[in-house]
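See structure below.
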Amino acid sequence: MTTATRPRDRLIAAVVLSAVIGLIGGGLAAWGIYARFGPVERVTQQTIVGGSGNNGGGALTAGSIATAKAPSVVEVITGPVTPASLLTGPTGIVNGFVVSANGLVVSSIHAIQGAATLRIATADGHSYPATIVRADPTHGVVLLQAVGAQGLTPLTFASVAPRVGDLAIAVATTPFSPVTLSTGTVSSVGITVTLSDGEPPLRDVLTVDATPDPRQDGAPLLDGNGDVIGVVVDAGGAAPGVVALSMASAADLVTAATSGGSSAPVPALGAQSEIIDPATAAAAGVPVGALILSVTTDGPAATAGLLPGDIVTAVGSTQLDADHPFDPTVLGLAPDEQVTLTVYRDGLTKSFQLTVGSG
């Protein structure tokens, strides 16, 4: 016996078939985009609720923060810039940001490496000759002086160190685009990164799960309150996402420059290390701490007796972890200071005396 197909059944079948075709087509299109371009960043605006930067004026957005802080972001000119070079790509223009009203500017050493000249151009259309005031090669940060500048609007450093999961906003300025930004969340903190161009390993680096833009080299990385939590560096793929240099190092350079003293030496421990997180420590059956990767010959760590493979679990009374790496600047150590290291080696815990060096 043949049963006639009712119009309603045919309609339902058609709708279901269309939906299936649409899902398949959409999936294939999405896969095509991914295969051609890789993961696509979709964050265009992020609402920020709460925090000391939100003073009751409604929810902040990454865009509103970038717009408010853009006047403090400057272009650092490292070579001749001409109309022709602007057409082909301004390799002589990088970023920096103002940290004092009288023209102190923070940038990355990588950004100004090999500079034939140094000038600083501000958002209001002024240009100033620039000099290097201080630099911290261990952390890749440099402090410049815009000679003759007055009345600039400085950014402030965050009072709390960034943590994994925090909002991060990289704000930069490029030719033909006064404000560019990348937004994401902090994906790692306190790591060591080695750039591909032969620079020394950079300590106390953080990463953000956002698409990096080489034009942002030297730009500020801000939190949800608009305060500085790092200095963006063009890492060239040495670490995933946006890479930012140490906020603590940059703040120390500014403090040293504004305190009126002579140039202070940068503390050094003479060792490269990586923090072992709790999960990895549990898997390996070792304590959380800083795994020593290498030591500098005749440096402070070598003189103290540290060896590659040692795990430093504490410096004085400070337990080492992702927020407290084996980094003298982060730990607040000074050259010639003597500290006691707690070290795990071959299943035993030992104590070593180390005298902080300078670099």
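The values are calculated or read from the model by the stated rules, or taken from the named source; none is laboratory data. Worth saying up front: this structure is predicted, and the values here are computed from it rather than measured. Neighbour counts run over all protein chains shown; Cβ positions are idealised from the backbone, glycine included. Surface accessibility is based on the protein's heavy atoms, side chains included, excluding ligands, DNA and RNA. Shrake-Rupley method; radii C 1.70, N 1.55, O 1.52, S 1.80 Å.
So how many residues does the stretch 57-78 have that are assigned to a loop (DSSP other than H, G, I, E, B) and either of a type in the set (Phe, Trp, Tyr) or surrounded by fewer than 15 Cβ atoms within 10 Å (Cβ to Cβ) (or both)? Before the answer, list the steps.
Step one: filter the stretch 57-78 for residues assigned to a loop (DSSP other than H, G, I, E, B), giving 57-59, 78.
If we keep only those that are either of a type in the set (Phe, Trp, Tyr) or surrounded by fewer than 15 Cβ atoms within 10 Å (Cβ to Cβ) (or both) as well, we get 57-59.
Qualifying residue count, the stretch 57-78: 3.
Suppose we keep only residues that are aliphatic (A, V, I, L, M) and over 26 Å from Gly236 (Cβ atoms) within the stretch 100-131. Which one would you say is surrounded by the fewest Cβ atoms within 10 Å (Cβ to Cβ)? Steps first, please.
Residues of the stretch 100-131 aliphatic (A, V, I, L, M): 101, 104-106, 109, 111-112, 115-116, 118, 120-121, 123, 130.
With over 26 Å from Gly236 (Cβ atoms) added as a condition, the list becomes 101, 104, 123.
Values: Ala101: 12, Leu104: 23, Ala123: 17.
Per the stated criteria, the residue is Ala101.
I'm checking my understanding of the structure. Among residues of the stretch 79-99 that are modelled with pLDDT of 95 or more and touching a Pro at 6+ places or on another chain (Cβ under 7 Å), which one is surrounded by the most Cβ atoms within 10 Å (Cβ to Cβ)?
The initial filter retains those residues of the stretch 79-99 that are modelled with pLDDT of 95 or more, namely 95-99.
Pick out the ones that are also touching a Pro at 6+ places or on another chain (Cβ under 7 Å) and you get 97-99.
Details: Phe97: 28, Val98: 25, Val99: 25.
Going through the qualifying residues, I end up with Phe97.
How many residues are among the polar types (S, T, N, Q) and either over 29 Å from Leu60 (Cβ atoms) or touching a Gly at 6+ places or on another chain (Cβ under 9 Å) (or both) if we restrict to the stretch 129-181?
First, the residues of the stretch 129-181 that are among the polar types (S, T, N, Q): 131, 138, 145, 150, 153, 156, 159, 173-174, 177, 180.
In the following step, the residues that additionally are either over 29 Å from Leu60 (Cβ atoms) or touching a Gly at 6+ places or on another chain (Cβ under 9 Å) (or both) were identified as 131, 138, 145, 150, 156.
Number of matching residues: 5.
Just checking, how many residues over the stretch 199-222 are touching a Pro at 6+ places or on another chain (Cβ under 7 Å) and not in a strand (DSSP E or B)?
1
Hey, can you tell me all the residues within the stretch 148-172 that are outside any loop (DSSP other than H, G, I, E, B) and of a type in the set (Gly, Ala, Ser)? Spell out how you get there, then give the answer.
Here is the first cut: in the stretch 148-172, the residues outside any loop (DSSP other than H, G, I, E, B) are 157, 167-172.
Selection gives Ala168, Ala170, Ala172.
Can you tell me which residues in the stretch 286-302 are buried (at least 16 other Cβ atoms within 10 Å of the Cβ) and touching a residue at least 40 places away in the same chain (Cβ under 8 Å)?
Result: Pro287, Gly289, Gly299, Pro300, Ala301.
Take Ala248 and decide whether it is modelled with pLDDT under 95, over 26 Å from Ala121 (Cβ atoms) and not in a loop (DSSP other than H, G, I, E, B).
So Ala248 fits the description; yes.
Just to verify a result, which residue in the stretch 228-245, among those that are assigned to a loop (DSSP other than H, G, I, E, B) and open to solvent by less than 30 Å² (accessible area, probe 1.4 Å), is nearest to Ala68 (Cα to Cα)?
Selected residue: Gly241.
For residues in the stretch 170-192 being at pLDDT below 90 and aliphatic (A, V, I, L, M), which is nearest to Asp136 (Cα to Cα)?
Filtering first and then ranking leaves Ile191.
For the stretch 250-270, which positions are closer than 18 Å to Pro325 by Cα, of a type in the set (Gly, Ala, Ser) and surrounded by fewer than 24 Cβ atoms within 10 Å (Cβ to Cβ)? Please lay out each step first, then the result.
Filtering the stretch 250-270 down to residues closer than 18 Å to Pro325 by Cα leaves 250-252, 266-270.
When the remaining residues are screened for being of a type in the set (Gly, Ala, Ser), the result is 250-251, 268, 270.
Once the filter is applied, which keeps residues that are closer than 18 Å to Pro325 by Cα, of a type in the set (Gly, Ala, Ser) and surrounded by fewer than 24 Cβ atoms within 10 Å (Cβ to Cβ), the stretch 250-270 yields Ala251, Ala268, Gly270.
Looking at the stretch 108-147, what strands (runs of 3 or more DSSP E) fall wholly within it and have at least 1 residues that are farther than 28 Å from Asp327 by Cβ and aromatic (Phe, Trp, Tyr)?
127-136
Being small (Gly, Ala, Ser) and either in contact with a Gly (Cβ under 7 Å, 6 or more places away or on another chain) or within 29 Å of Ala251 (Cβ to Cβ) (or both) is the filter; apply it to the stretch 323-359 and report the residue that is least open to solvent (accessible area, probe 1.4 Å). Full working, then the answer.
Narrowing the stretch 323-359 to residues small (Gly, Ala, Ser): 332, 334, 347, 351, 357-359.
Applying the additional criterion that residues be either in contact with a Gly (Cβ under 7 Å, 6 or more places away or on another chain) or within 29 Å of Ala251 (Cβ to Cβ) (or both) yields 332, 334, 357-359.
Values: Gly332: 60, Ala334: 44, Gly357: 18, Ser358: 77, Gly359: 75 Å².
The extreme case among them is Gly357.
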